[in-house]
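A short worksheet on the structure shown next.
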Amino acid sequence: MSAPVGVAEKAEKTPKEPLGSSVVFTLTLVLLVGLALFGRRIFAGAFTDETIRTWATMFVGVTVQALPFLVLGVLLSAALTAFVPASFFAKALPKHPALAVPVASASGVILPGCECASVPVSAALMARGVTPAAAIAFLLSAPAINPVVLASTAVAFPGQPKVVVARAVASMAISMIIGWLWLMTGKGGSWMRIPKNRHAEGTGKLEVFRSSMLHDFLHAGGFLVVGAAAAATLNVIVPRAWLDHVASNLLLSVLVLGLLAVLLAICSEADAFVAASLSQFSMTARLAFMVVGPIVDVKLIALQAGTFGPKFAIRFAPATFAIAILVSLGVGWWLL
């Protein structure tokens, strides 16, 4: 999704996504909703009525619960993309890189958006002189601790404020650790292709708002329904004994749900509802699912490789995943 960038950032000439991808996500949404409504008739011979009803109930429940937060996040992100100037964010950070990292990480709490636009936003910040370490910290924190994501987490886990706190603490810790590690290596320049500042003229703010909102909703909505369908399928297809075996082993369950988050690539504004549906797993494992997803998944790896270069992606994704798993275990043990 889009995060807060001014018109200049939006006008950065990042490669446009093919129109076909939006069509695919739209068709996916229609197909899965159709399966939820009519799957009982279509698959009556292959599955029992009870199985189909359970799948449809879980799929619709997760989707309907998450959709309002997804729409809110899209509207707020599009507004910030169109109407907040880029200079605001660059000037707000300390000049010293080591101090800029935690400030950039904490700034994610006030900026609605999800991981779909964290890469281009970070690229735009770097292009305007923000130190890469701080931009990376923002890239990791913004989609994980913004108010829409935290509110959706609170709704998905009612009466469990510790889950919201644990998610925020773990996500901020990961973003700062990765940012400081980037500074310590001293090799960031050779691993990353720093985007250049290119401005396109003539794009109106209302057009930026409209196109951002439409693009983000189509893409995030597609990831949402795919994730909801995967969660429902996991609960009705995978043998309960196997899930119980995995869930009973803390380390294995954390790794499995972390990998699942990478593969499903669910929007961060909706992943808490999917995590809540995986009730057979421990809270620490579900925390890992919510922490890993917004910072490393298959679509982010592709976006990072295209924006910052493959040298960056092949180092960044494994390191981020490993640190996210370790931090999730530590924060889960401490708070949950």
Scan region 287-310 and tell me whether some residue there is in a helix (DSSP H, G or I), under 22 Å from Ala247 (Cα atoms) and either in contact with a strand residue (DSSP E or B) (Cβ under 8 Å, 6 or more places away or on another chain) or hydroxyl-bearing (Ser, Thr, Tyr) (or both). no
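Where residues in region 200-243 are assigned to a loop (DSSP other than H, G, I, E, B) and modelled with pLDDT under 70, which of them is nearest to Ala56 (Cα to Cα)?
Only one residue tops the list, namely Thr203.
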When region 246-261 is checked residue by residue, the ones that are buried (at least 21 other Cβ atoms within 10 Å of the Cβ) and modelled with pLDDT under 90 are Leu260, Ala261
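The values are calculated or read from the model by the stated rules, or taken from the named source; none is laboratory data. Since this is a predicted model, take the numbers as computed values, not measurements. Every residue, glycine as well, gets a Cβ built from its backbone with ideal geometry; the counts of neighbours run over all protein chains shown.
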